[in-house]
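Beneath this line is the structure, given in structure tokens, with notes to follow.
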Amino acid sequence: MKPINDRIEDIRTNGYELDFGTVFENAFDNYKKIALYAGLILLFFFIFIIILMSVGMVSYIGIENMEAFSKKLLHFSELKEKPLDIVLQINAVMILISGLLNPFMAGFLKMADCGEKDEEFHVSTMFSYYKSPYFSNIFIAVFIITLINMSLTTLLEFAGFNIIGSIISLTISFLTFLTIPFIIFGKLSSIDAIKSSIIIVSKQPLVLLGLIIVSLIAAIIGIFGFCIGMLFTMPFIYSMNYMIYKTIIGTDSASDIKEIDPTV
């Protein structure tokens, strides 16, 4: 396998081939190996988050004020033009939460990698990307992407171009969906990972878009299993993302890929 910088440069110049059927089949095989374990982790994770948020809200707002707070939230959601200061505060909180949670979610990509290589996976591995240099690069990358995404979307929404804002938001998310795999498997810095993701996606946008849409549909199917089933179909998204990266770049980063400076 070529060093990752050479591989990306080769793709920039010559592009690459990607077979939809092969990637889908491999992603589904990978999903079957991790579905139950990943689904259980997601289940406990969401239960923990719900409990944590509930306790936090009750402690901060006060149980006697919950009804009034609920009415304010309902009123805010019904506003066609939301106050800019509140929108900015919400966006800031969402950016922070996204940056803090993504290292944990990256653990599902590692789980997919272990499943593909028939290696043992431990729950503690889910937290391995909170270590240096992964955490800082993941946090910075997510911060940059989310900040640009939310800023453009908010500006367009206030200008009355809601649909255009949504399209741009989806486009940014699509172009950068390989950023985290580049950080955790390719050992790239946050900026280089974002650039590399855009290069890779822009060379085969239709095939990749088809694969992403199929994985999202497969994940949504789980909602018919009393919603909880969705937690066990969601891991297919991570299997798909992993398999796309593995097929295009490869994941033998420890032995075959030259590590570059992990700082921005």
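The values are calculated or read from the model by the stated rules, or taken from the named source; none is laboratory data. Source: prediction; values computed, not measured. As a convention, Cβ positions derive from the backbone with ideal geometry for all residues, glycine included, and neighbour counts pool all protein chains shown. We work out accessible area using only protein heavy atoms, side chains counted, and drop any ligands, DNA or RNA first. Shrake-Rupley method; radii C 1.70, N 1.55, O 1.52, S 1.80 Å.
Among Val93, Val87, which is touching a residue at least 60 places away in the same chain (Cβ under 8 Å) and not polar (S, T, N, Q)? Write out each step before concluding.
Working: Val93 fails: touching a residue at least 60 places away in the same chain (Cβ under 8 Å).
On inspection, the qualifying residue turns out to be Val87.
Is it fair to say Ser173 is open to solvent by 50 Å² or more (accessible area, probe 1.4 Å), of a type in the set (S, T, N, Q) and either closer than 20 Å to Phe236 by Cα or in contact with a helix residue (DSSP H, G or I) (Cβ under 7 Å, 6 or more places away or on another chain) (or both)? Give the derivation first.
Details: open to solvent by 50 Å² or more (accessible area, probe 1.4 Å): yes; of a type in the set (S, T, N, Q): yes; either closer than 20 Å to Phe236 by Cα or in contact with a helix residue (DSSP H, G or I) (Cβ under 7 Å, 6 or more places away or on another chain) (or both): yes.
Taking the combined requirement at face value, the residue satisfies it.
Which of the following residues is open to solvent by less than 70 Å² (accessible area, probe 1.4 Å), at positive phi and in contact with a helix residue (DSSP H, G or I) (Cβ under 6 Å, 6 or more places away or on another chain): Gly39, Gly62, Gly99, Gly15? Walk me through it before giving the result.
Numbers: Gly39 fails: at positive phi; Gly62 fails: in contact with a helix residue (DSSP H, G or I) (Cβ under 6 Å, 6 or more places away or on another chain); Gly99 fails: at positive phi.
Sole residue among the options that is open to solvent by less than 70 Å² (accessible area, probe 1.4 Å), at positive phi and in contact with a helix residue (DSSP H, G or I) (Cβ under 6 Å, 6 or more places away or on another chain): Gly15.
Being without any contact (Cβ under 8 Å) to a residue 60 or more places away in the chain and out of contact with any Gly (no Cβ under 7 Å at 6 or more places or on another chain) narrows it down to one residue among Ile184, Ile191, Ile212; which is it?
Details: Ile184 fails: without any contact (Cβ under 8 Å) to a residue 60 or more places away in the chain; Ile191 fails: without any contact (Cβ under 8 Å) to a residue 60 or more places away in the chain.
After applying the criteria, what remains is Ile212.
Mind checking which residues of the range 115-132 are surrounded by fewer than 17 Cβ atoms within 10 Å (Cβ to Cβ) and not β-branched (Val, Ile, Thr)? Steps first, answer last, please.
We begin by selecting, within the range 115-132, every residue surrounded by fewer than 17 Cβ atoms within 10 Å (Cβ to Cβ); these are 117-120, 122-125, 127-128, 130-132.
If the condition is that a residue be surrounded by fewer than 17 Cβ atoms within 10 Å (Cβ to Cβ) and not β-branched (Val, Ile, Thr), then Lys117, Asp118, Glu119, Glu120, His122, Ser124, Phe127, Ser128, Tyr130, Lys131, Ser132 are the ones that fit.
Could you tell me whether Asn65 is in contact (Cβ under 8 Å) with a residue 24 or more places away in the chain and of a type in the set (S, T, N, Q)?
Working: in contact (Cβ under 8 Å) with a residue 24 or more places away in the chain: no; of a type in the set (S, T, N, Q): yes.
No: the conditions fail for Asn65.
When the residues of the range 74-83 are filtered to those that are of a type in the set (A, V, I, L, M, F, W, C) and open to solvent by less than 90 Å² (accessible area, probe 1.4 Å), which remaining residue is farthest from Ala159 (Cα to Cα)? Give the derivation first.
Of the residues in the range 74-83, the ones of a type in the set (A, V, I, L, M, F, W, C) are 74, 76, 79.
From what's left, open to solvent by less than 90 Å² (accessible area, probe 1.4 Å): 76, 79.
Details: Phe76: 19, Leu79: 15 Å.
My answer is Phe76.
Inspect all residues belonging to the range 105-124 and state whether any of them is of a type outside the set (D, E, K, R), within 22 Å of the chain's Cα centre (by Cα) and not in a helix (DSSP H, G or I). So that I can check it myself, show each step before the final result.
Taking the range 105-124 and keeping what is of a type outside the set (D, E, K, R), we get 105-109, 111-112, 114-115, 121-124.
Next, from what is left, pick out any that are within 22 Å of the chain's Cα centre (by Cα): 105-109, 111-112, 114-115, 121-124.
Now restrict to residues that are not in a helix (DSSP H, G or I): 121-122.
Yes, because at least one residue in the range 105-124 is of a type outside the set (D, E, K, R), within 22 Å of the chain's Cα centre (by Cα) and not in a helix (DSSP H, G or I).
Might you let me know whether the range 196-207 holds any residue that is among the basic types (Lys, Arg), touching a residue at least 60 places away in the same chain (Cβ under 8 Å), in a helix (DSSP H, G or I) and at negative phi? So that I can check it myself, show each step before the final result.
Kept after step one, since they are among the basic types (Lys, Arg), are these residues of the range 196-207: 203.
Subsequent filtering for residues that are touching a residue at least 60 places away in the same chain (Cβ under 8 Å) retains 203.
Those still in the list that are in a helix (DSSP H, G or I) too: 203.
Subset that is at negative phi: 203.
Within the range 196-207, one or more residues are among the basic types (Lys, Arg), touching a residue at least 60 places away in the same chain (Cβ under 8 Å), in a helix (DSSP H, G or I) and at negative phi.
So, Phe143, is that one out of contact with any Ser or Thr (no Cβ under 7 Å at 6 or more places or on another chain), assigned to a helix (DSSP H, G or I), open to solvent by 60 Å² or more (accessible area, probe 1.4 Å) and within 18 Å of Phe108 (Cα to Cα) or not?
Values: out of contact with any Ser or Thr (no Cβ under 7 Å at 6 or more places or on another chain): yes; assigned to a helix (DSSP H, G or I): yes; open to solvent by 60 Å² or more (accessible area, probe 1.4 Å): yes; within 18 Å of Phe108 (Cα to Cα): no.
For Phe143, the condition - out of contact with any Ser or Thr (no Cβ under 7 Å at 6 or more places or on another chain), assigned to a helix (DSSP H, G or I), open to solvent by 60 Å² or more (accessible area, probe 1.4 Å) and within 18 Å of Phe108 (Cα to Cα) - is not met.
Tally the residues that are within 15 Å of Tyr129 (Cβ to Cβ) and in a helix (DSSP H, G or I), restricting the search to the range 152-191. Step through it out loud before you land on a result.
Step one: of the range 152-191, the residues within 15 Å of Tyr129 (Cβ to Cβ) are 179-190.
With in a helix (DSSP H, G or I) added as a condition, the list becomes 179-184, 190.
So the answer is 7.
Being touching a helix residue (DSSP H, G or I) at 6+ places or on another chain (Cβ under 6 Å) and part of a helix (DSSP H, G or I), is that true of even one residue in the range 44-59? Let's see the steps before the verdict.
Kept after step one, since they are touching a helix residue (DSSP H, G or I) at 6+ places or on another chain (Cβ under 6 Å), are these residues of the range 44-59: none.
Among the residues of the range 44-59, not one is touching a helix residue (DSSP H, G or I) at 6+ places or on another chain (Cβ under 6 Å) and part of a helix (DSSP H, G or I), which makes the answer no.
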